[in-house]
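Written below as structure tokens is the structure these notes are about.
The values are calculated or read from the model by the stated rules, or taken from the named source; none is laboratory data. The model shown is predicted, which means the values in this text are computed figures rather than measured ones. Positions of Cβ are backbone-derived with ideal geometry, glycine not excepted, and every protein chain shown enters the neighbour counts. What goes into the accessible areas is simple: the full protein's heavy atoms, side chains included, and nothing from ligands, DNA or RNA. Shrake-Rupley method; radii C 1.70, N 1.55, O 1.52, S 1.80 Å.
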Amino acid sequence: MDSRRRTFAKAILWNIIGLSVMSAVGFVATGSFALGGAMALANAGIGFVSYVLYERVWANVSWGRV
């Protein structure tokens, strides 16, 4: 099982990657760095919380472990 610290580190790194990608996609879609950045920040916040919860639930599931 991952520690809470490891789960948060993984979530932060994953969200940095996602924030970069979403910023680029948001800019291409809207033509605005401000709007694209706002969309990316909202997505990163939602994604961070979802990822942490997802990882913590799976940390308690024993199915598939050897």
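Across the stretch 1-25, the residues whose backbone nitrogen lies under 20 Å from the label position 7 Å along the beta-carbon direction of residue 42 are 15-25.
For the chain, the fraction of 1.4 Å probe accessible surface lying on carbon and sulfur atoms is 72 percent.
Just one of [x] 1.53; [y] 0.99; [z] 1.38 is Cα Rg over 2.2 N^0.38 Å as worked out from the coordinates here. Which one is it? Among [x] 1.53; [y] 0.99; [z] 1.38, the one calculated here is [z]. Measuring nothing but how far apart in sequence close Cα pairs (under 8 Å, 6+ apart) lie, relative to its length, the chain scores a relative contact order of 36 percent. Near residue 58, once Lys and Arg are set to +1 and Asp and Glu to -1 for all other residues with Cβ below 11 Å from its Cβ, the sum equals 0.
What is the packing order of peptides 54-63, 24-33, 39-48, taking the mean over residues of other C-beta atoms within 10 Å and listing the highest first? Don't jump to the answer; show the numbers that get you there.
On the way: 54-63: 10.5, 24-33: 13.2, 39-48: 15.9.
Per-residue Cβ counts within 10 Å, averaged per peptide and sorted highest first, yield 39-48, 24-33, 54-63.
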